[in-house]
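Below is one structure, written out as structure tokens; the observations come after it.
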Amino acid sequence: MTNQSLETTDESLQCQNCESILDEQFEFCPSCGQKTNEELTIGVLFYNTISNYFSFDARFLKSFIPLMIRPGYLATKFLEGKRLLYLHPAQMYLFISVVFFFIISFSTRELVQEANKINEKVAKSTPSSAQNTDTLDIENEVVKGLDSAQIDKLMKPLKDNQQIIGLKDEDLKLADSIIKAESANPRNLNTTWDFDKEKVDSLVAAGADKNIIYKEMGMSDDPSFLERRFFARMLNLVEGRGAGAIIQAFFDSIPISMFFLLPIFALILKIFYYKKGKYARHLVFSFYFFSFLFTAFSILFAVNRFIYDIPDWIDWLIVFSTYVYFFLALKRFYRQHWFWTWLKSGIITMVFLLMVIPFAAGIVLVFSFLTT
């Protein structure tokens, strides 16, 4: 009797995914959750792609406003058990970080192009017979005769990435003054190599083996892996194609470093709040807090880049507001007295900025130089 009923069942009442038998009124399969008889369209295709990989659905929209205006709220609700109502902390962090690094990639590309131009100028220069072969005196064509529009274009990548690089307003003014002074009165750029560049150029042009070129540049007879990688990168610089690649690799390495910085940040929280639960509790808070940081800076960079150049004082005010957000998030999440929360938030911020971030930046710089 059962087999007969299965054979006569209308195909429209069978789940297309798991082939379970459905009641006619079911809109979604109770076994696997797939929508019944969903027609494949372009909209459905891209929605499924985005929702599967980034969980960009109603939960993201429900999570966005609390994330921005209610510090510590999402992390608190997640620990209370509301784990389907709002977007999972790791999924939110992944999606927002992708958006953030996509936005800053526009400014990164300009920095890479400028670095490649300078590297190419230096690499193509050749010493005259009257010069020492270890010293190259080339005309500084990079800044020679630049007008104000060209100078502004050259300075724009630095201004757009001021917060990331850590430049002060005084540093930007100094760089702008130096470029203008060099443009008005160009001098010779003295570039010193620790090897015979003319001979290295000849070996490269002749298609010599890389090991021979590296030894001419100063590599030892029994080099380590790091030493060999170092001279490989140096050869790229000599050939005029290494500076931009190093900068690009540096920015490409930042997302990887963030996956190390975030657990370290959670560990610092665990140390300061060791009585407030297991490490996973602090990790949840860190995911949501870093998601807020990426969201705030994504909006800031996007507005500066594509809509309106926000005054610097407003930019710095927004940066400072992230610390206020951090203080309020700690107060709501850990529920300590405001004085102890204020004290701990200041110490945690100093430890993270003065110790963890510089260490991670150094690791990223070495990694980008050795792996480009």
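Couple of notes before you dig in:
- Leading residue by the ranking (farthest from Val324 (Cα to Cα)) among those in region 65-86 that are outside any helix (DSSP H, G or I) and open to solvent by less than 60 Å² (accessible area, probe 1.4 Å): Gly81
- Leading residue by the ranking (farthest from Tyr274 (Cα to Cα)) among those in region 317-337 that are open to solvent by 60 Å² or more (accessible area, probe 1.4 Å) and in contact (Cβ under 8 Å) with a residue 40 or more places away in the chain: Leu328
- Options Ser51, Ser55, Ser31; residue that is open to solvent by 70 Å² or more (accessible area, probe 1.4 Å), at pLDDT below 85 and among the small types (Gly, Ala, Ser): Ser31
- Any hit, region 209-227, residues being of a type in the set (A, V, I, L, M), modelled with pLDDT of 80 or more and either open to solvent by 30 Å² or more (accessible area, probe 1.4 Å) or under 25 Å from Glu114 (Cα atoms) (or both): yes
- Among the residues making up region 270-285, those that are under 16 Å from Thr341 (Cα atoms) and either out of contact with any helix residue (DSSP H, G or I) (no Cβ under 8 Å at 6 or more places or on another chain) or open to solvent by less than 20 Å² (accessible area, probe 1.4 Å) (or both) are Ile271, Tyr273, Tyr274, Lys275, His282, Phe285.
- Residue list for region 296-314, filter: open to solvent by less than 90 Å² (accessible area, probe 1.4 Å) and either of a type in the set (D, E, K, R) or touching a strand residue (DSSP E or B) at 6+ places or on another chain (Cβ under 9 Å) (or both): Arg305, Asp312
- Some residue of region 130-147 being part of a helix (DSSP H, G or I), at pLDDT 60 or above and open to solvent by 60 Å² or more (accessible area, probe 1.4 Å): no
The values are calculated or read from the model by the stated rules, or taken from the named source; none is laboratory data. Since we're looking at a predicted model, the values are computed, not measured. So basically every Cβ, Gly included, is an ideal-geometry build from the backbone, and we count neighbours across all protein chains shown. Only protein heavy atoms, including side chains, enter the accessible area calculation; ligands, DNA and RNA are left aside. Shrake-Rupley method; radii C 1.70, N 1.55, O 1.52, S 1.80 Å.
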